[in-house]
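Have a look at this one before I ask anything.
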Amino acid sequence: MARLAVALKEVPVVDVPHVTVRGLRKSFGSVTIYDGFNVDIPRGRFVSIFGPNGCGKSTLINLIAGLIPVDGGEIRIGGKPVRDVRIGYVFQNYREALFPWLRAIDNIEYPLRVAKVPKAERDARVARLVAKFDVKIDLKRYPYEMSGGQQQLVSIMRALIVEPEVLFLDEPFSALDYEMTLFMRDQLQHIFNETRMTMVLVSHDLEEAVYMADKVLLLSRAPTTIADYPEIPCPRPRNPETLVDPVFTQLRGHCLDVFQREVRKS
Amino acid sequence: MRSAASFPIRDSLLPVVGVVVLVLLWYAAIAAKLVDPVLLPSPWETMKAMWTGVADGTLLHDFLRTVERTILATLIAMVLAIPLGIVLGSWPRLYLALEFVIDFFRSTPASAMFPLFLVVFGVGDETKILVATFGAALVILFNVAYGVMNARKNRLLAAKVMGASRARILFEVTLLESLPQTFVGLRNGVSLALVIVVVAEMFIGSADGLGHRVFEAQQLLQMPDMYAAIFAAGALGYCLNLLFQVAERRLVHWSGK
Ligand SMILES: Nc1ncnc2c1ncn2[C@@H]1O[C@H](COP(=O)(O)OP(=O)(O)OP(=O)(O)O)[C@@H](O)[C@H]1O
Ligand SMILES: [Mg+2]
């Protein structure tokens, strides 16, 4: 809790790199996705990743999160290699990411068990996290007894329970209906505003990418480079009015132009 | 036309309909003299034979002997095949190296192995049980290995990103992921074990067991006894299957959801 209060006061004015990617190389067979790719993700900020289909958005966050090995280059989080850093990862397909043999509450608690946190503290931390979310879900249920949105919410809580340094989300809302998507965006923004942890969101919805982000990482087709990396200076908390803010619409238009230019380049 | 709602039988009683129809057809066949009455006794006579067999203990004894052999064979097969299947499944290169051998023997009719086992283990109970073990173990092995290999990668990645060790991932994720497939193997395995045990009891110098009883009744032309033993074997197979189904439903409550 103390950390949280400090974090709130220290909203960065100048970007401090948190995740640094240098000279990244990755190929699948004969297909080169990254060949000397560099990017910085600033600490305590929300970065959306957007780009053409198959350009390597998921691959990028999987490489950073250490889920797949790099072919070359260096990735550091706060100066440390990924394996020494607590990270959270929310998968697109929540059905295949939660453990169906555990109740929702035990799913959320599982990362703490892996980290060998004692039972009493585990319970306390889960209770604290649940209190932060103002949603009424019966966490004694199994994931398959819940709606898609509830399951994804449980996934997000499972990712947050370790108080990660960085939260990665790969198209987390793309399997949800529109109403649920809007609700989940608000939830995520609420968590971001409260914790100011570094968040990286892959989105296939340009409006969502811009709406959620402090910076939008626009990628080219593979072999992938940064097409643009604009700042989104709209104030937080963002709400439906943000969508008609001239700054917002102008930036969304700009991102769309960059995207279309990249798609046509093929 | 009647609507389904006003049909005078409750849904839970519907399975009985099939049984009643079967018995009526059976009586009809006898009444119409379609079959030699020596070869096809009436359902009533068969019931009586079954009751006598249970009352005087002979059918019950044979039944229990078959249960014992089948369960023993299945248990040995499980103890051997489940750990081995986990090792093979979590080591795909090893599995690829052995896949052909496993598939070959899985496809070999276990009954073709009787002579070999007879030479090695003699005509005692060991041979009957071990041939059944052999058949069941290969089915279980194949399914466990397959289940472990095809565990959804997403959940393994989810555990990995939380920092879970390889051993933890194997025991707390992969194994649970493979449970539904493991149960497919167990149900097929126990059915196969029963088939092999009953055949072995018929033809490999056996003094008891349902297979022996069926065979002996046929030799002595005691048809009601034969039918009674056949039905007992059927009931046994049905119950073993049901047992594993119930166990699966309780243990793998998430299966298919
Ligand atoms: N494990 C893999 N083996 C082979 N090729 C892969 C693998 N993973 C990704 N690829 C390929 O690498 C490219 C980038 O994949 P990636 O999933 O990162 O794209 P993406 O930008 O996330 O796409 P989408 O918008 O469809 O989510 C694609 O062409 C994909 O087919
Ligand atoms: Mg993707």
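The values are calculated or read from the model by the stated rules, or taken from the named source; none is laboratory data. The shown structure was predicted, so the numbers you read here are calculated from the model rather than taken from an experiment. Cβ sites come from the backbone with ideal geometry, for glycine too, and all protein chains shown count toward neighbours. Protein only, heavy atoms only, side chains kept; ligands, DNA and RNA dropped before computing areas. Shrake-Rupley method; radii C 1.70, N 1.55, O 1.52, S 1.80 Å.
Sticking to Cα atoms, compute the Rg of region B:150-245 to one decimal and its Dmax as the biggest Cα-Cα distance, whole number, in Å.
In Å, with Rg to one decimal and Dmax whole: 21.7, 69.
Which value, in nm² and rounded to one decimal, describes the direction-averaged projected area of the C-alpha convex hull of region A:99-163?
4.0
Rounded to the nearest 10 Å², what accessible area does B:Leu176 show when all protein chains are kept and the probe is 1.4 Å?
Near enough 50 Å² of accessible area.
Next question, about the same structure. Pairwise over distinct Cα atoms, reciprocal of the mean inverse distance: report the Kirkwood radius of region B:196-243 in Å, one decimal place. Please report the intermediate quantities before stating the final value.
Values: mean 1/r = 0.0923 Å⁻¹.
The answer is 10.8 Å.
Also, I was wondering about something else. Compute the acute angle (0 to 90°) between the alpha-carbon long axis of helix B:43-55 and the principal axis of greatest extent of the alpha-carbon atoms of chain B; round to the nearest 10°.
70
Grab chain A and count how many Lys pairs have their alpha-carbon atoms under 25 Å apart, sequence gap of 8 or more, or different chains.
Lysine pairs, 8 or more places apart or on different chains, close enough: 19.
Give the Rg/Rh ratio for chain A, taking Rg as the radius of gyration of the Cα atoms and Rh as the Kirkwood radius, to two decimals.
Radius of gyration over Kirkwood radius for chain A works out to 0.95.
Based solely on its DSSP helices, what 222 nm [θ] is calculated for chain B when runs of n ≥ 4 H residues each add -39,500 (n - 2.57) and the sum is averaged over all residues, nearest 500 deg cm²/dmol?
Numbers: 11 runs with 193 residues, N = 257.
That comes out to -25500 deg cm²/dmol.
Relative to the longest principal axis of chain B, what angle (0 to 90°, nearest 10) does the C-alpha long axis of helix B:125-149 take?
It works out to around 50 degrees.
Right, another one. Any idea what log10 I(q)/I(0) is at q = 0.08 Å⁻¹ for chain B, Debye with uniform C-alpha scatterers and no solvent?
For chain B, the Cα-only Debye profile gives -0.46.
Bin by bin, in steps of 5 Å, what percent of the Cα pairs in region A:199-253 do you find, going until the bin that has the longest distance?
4, 19, 30, 25, 13, 5, 3, 0
Would you mind checking the tilt of helix A:119-132 against the longest principal axis of the Cα atoms of chain A, expressed as 0 to 90 degrees and rounded to 10?
Value to nearest ten degrees: 60.
If you don't mind, another one. List residues of region A:109-141, by number, whose backbone nitrogen lies under 14 Å from a label position 7 Å along Cα→C-beta of B:His253.
Zone members listed by number: A:139-141.
How large is the charge dipole for region B:40-251, taken about the Cα centre, if only the Cβ atoms of Lys, Arg (+1) and Asp, Glu (-1) carry charge, to the nearest 20 debye?
For region B:40-251, the charge dipole is close to 1220 debye.
State, in angstrom, two size descriptors of region B:6-124 derived from its alpha carbons: Rg to one decimal place and Dmax to the nearest whole number.
Cα-based Rg and Dmax for region B:6-124 come out at 23.5, 64 Å.
Could you run the Debye sum over the Cα atoms of the protein assembly as shown, one equal point scatterer each and no solvent, and tell me log10 of I(q)/I(0) at q = 0.07 Å⁻¹, two decimals?
The Debye formula, applied to the Cα set alone, gives -0.60.
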